Every structure is written in C-alpha cells, then in structure tokens.
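Peer 1: There's a structure below that I have some questions on.
Quick note: the coordinates plus some simple rules give every number you see, no bench work behind them. This is a predicted model, so every value here is computed, not measured. Neighbour counts are summed over all protein chains in view; Cβ atoms, including those assigned to glycine, are modelled from backbone coordinates with ideal geometry.
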Amino acid sequence: MPKLANNQMRDAVNKRQRFTNTNDTVYSINGSNLYGVYSYGAHYPMYLYDYETRTWFGNETRSSVTTQRHKTQTCPDGYINWCSTSYLQSIIRHGSYAAHCARAVTREVSVA
C-alpha cells in the first residue's frame with residue numbers, strides 16, 4: 001500500500017485508491033461495495049463511498065483537532081451525505097448502504 005504525504009491524500013480519495021499516510025494515522029480500505037477512509041483506526045470512519053449508489057458519506061461527529069485536519073485533507077470532491085459515526089459503522093457492518101437501508105426498513109437496525 002502506498003504511503004502518501006498528507007497533501008497527496010485527497011487525490012487518492014477522489015480516485016478511491018488504497019493508501020496510508022506517512023505516519024500511519026490515516027488509511028483507506030477498498031472493498032467490493034465500499035471504499036472507506038479512516039483516522040486513527042476503524043472506530044472512526046471519516047468518509048465512505050458506496051459503489052452501488054455512487055454516494056459519498058461523511059462523518060459529522062465531533063472529532064479531535066488532528067482528525068478534523070485529516071478530514072479536511074481527505075475530503076472528496078462532490079456532494080457528501082453527512083451522518084454520525086454510528087450510522088457509518090452500520091453501513092460498514094452491513095456491507096453496503098442498500099443492505100443498511102434494508103435492515104433499517106425491517107427495523108433490524110437503528111437509523112439514528
């Protein structure tokens with residue numbers, strides 16, 4: 001996985017490429033349905049891209065100054081649907097936005 005300087009991360013995010021930054025505090029994962037960008041671990045997804053719906057989701061939950069800087073440095077171009085950390089984690093847990101919505105419709109997950 002390429003190691004990128006912080007000023008190179010946004011381009012990689014827009015191209016949905018895997019990367020880590022030089023000090024391993026920001027990284028991305030590219031799966032079959034989702035592309036995710038994380039700060040300091042899987043507990044804080046900053047951005048998700050759902051390939052099925054071609055939609056960006058961003059984390060609106062308050063974060064540290066450093067993570068806020070990471071969010072600015074990795075912010076993808078285009079429209080972003082802002083939601084909570086728990087909402088993003090539900091999308092990840094279910095494997096796609098469509099699967100998350102299907103579970104929410106059948107009341108198997110919280111949509112908060």
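Peer 1: Specify the residue that is nearest to residue 66 (Cα to Cα); the eligible residues are those in region 1-37 that are hydroxyl-bearing (Ser, Thr, Tyr) and in contact with a Ser or Thr (Cβ under 7 Å, 6 or more places away or on another chain).
Peer 2: Within region 1-37, the first condition is being hydroxyl-bearing (Ser, Thr, Tyr), and the residues that meet it are 20, 22, 25, 27-28, 32, 35.
Those still in the list that are in contact with a Ser or Thr (Cβ under 7 Å, 6 or more places away or on another chain) too: 25, 27, 35.
Values: 25: 10, 27: 14, 35: 22 Å.
Step by step, filter region 1-37, then rank; the result is 25.
Peer 1: Let me ask something else. All but one of (1) part of a strand (DSSP E or B); (2) closer than 15 Å to residue 77 by Cβ; (3) of a type outside the set (A, V, I, L, M) hold for residue 28; state the number of the condition that does not hold.
Peer 2: Looking at each condition in turn, residue 28 falls short on (2).
Peer 1: Now a separate question. Is it fair to say residue 18 is farther than 27 Å from residue 103 by Cα, under 13 Å from the mean Cα position of the chain (by Cα) and loosely packed, with under 15 Cβ neighbours inside 10 Å?
Peer 2: Values: farther than 27 Å from residue 103 by Cα: yes; under 13 Å from the mean Cα position of the chain (by Cα): yes; loosely packed, with under 15 Cβ neighbours inside 10 Å: yes.
Answer is yes for this residue.
Peer 1: Oh, and also: Which residue pairs have Cβ atoms closer than 6 Å, lie 6 or more positions apart in sequence or on different chains, and pair a first residue in region 70-99 that is buried (at least 19 other Cβ atoms within 10 Å of the Cβ) with a second residue that is of a type in the set (A, V, I, L, M, F, W, C) and in a loop (DSSP other than H, G, I, E, B)?
Peer 2: Pairs that qualify, where the first residue is buried (at least 19 other Cβ atoms within 10 Å of the Cβ) and the partner is of a type in the set (A, V, I, L, M, F, W, C) and in a loop (DSSP other than H, G, I, E, B), are 90/109.
Peer 1: Can I ask one more? Any idea which of 5, 12 is crowded, with 16+ Cβ neighbours inside 10 Å and either out of contact with any helix residue (DSSP H, G or I) (no Cβ under 8 Å at 6 or more places or on another chain) or among the basic types (Lys, Arg) (or both)? Don't jump to the end; show me each part of the working.
Peer 2: Numbers: 5 fails: crowded, with 16+ Cβ neighbours inside 10 Å.
Just a single option satisfies the conditions, and that option is 12.
Peer 1: Also, quick follow-up: When region 21-39 is examined, which residues are found to be among the hydrophobic types (A, V, I, L, M, F, W, C) and surrounded by 20 or more Cβ atoms within 10 Å (Cβ to Cβ)? Show your work before the answer.
Peer 2: At the first step, the residues of region 21-39 found to be among the hydrophobic types (A, V, I, L, M, F, W, C) are 26, 29, 34, 37.
Within region 21-39, 26, 34, 37 meet the criteria.
Peer 1: Could you give me the residue pairs with C-beta distances under 9 Å whose first residue belongs to region 38-67 and is under 15 Å from residue 10 (Cβ atoms), whose second residue is basic (Lys, Arg) and not in a loop (DSSP other than H, G, I, E, B) wherever it lies, and which are 6+ apart or on separate chains?
Peer 2: 39/71; 46/71; 47/71; 58/71
Peer 1: Residues of region 24-57 being farther than 21 Å from residue 98 by Cα and among the charged types (D, E, K, R), which ones?
Peer 2: 24
Peer 1: Same structure, new question: Looking only at residues that are closer than 11 Å to residue 92 by Cβ and among the small types (Gly, Ala, Ser) in region 22-58, which one is farthest from the chain's Cα centre (by Cα)?
Peer 2: 31
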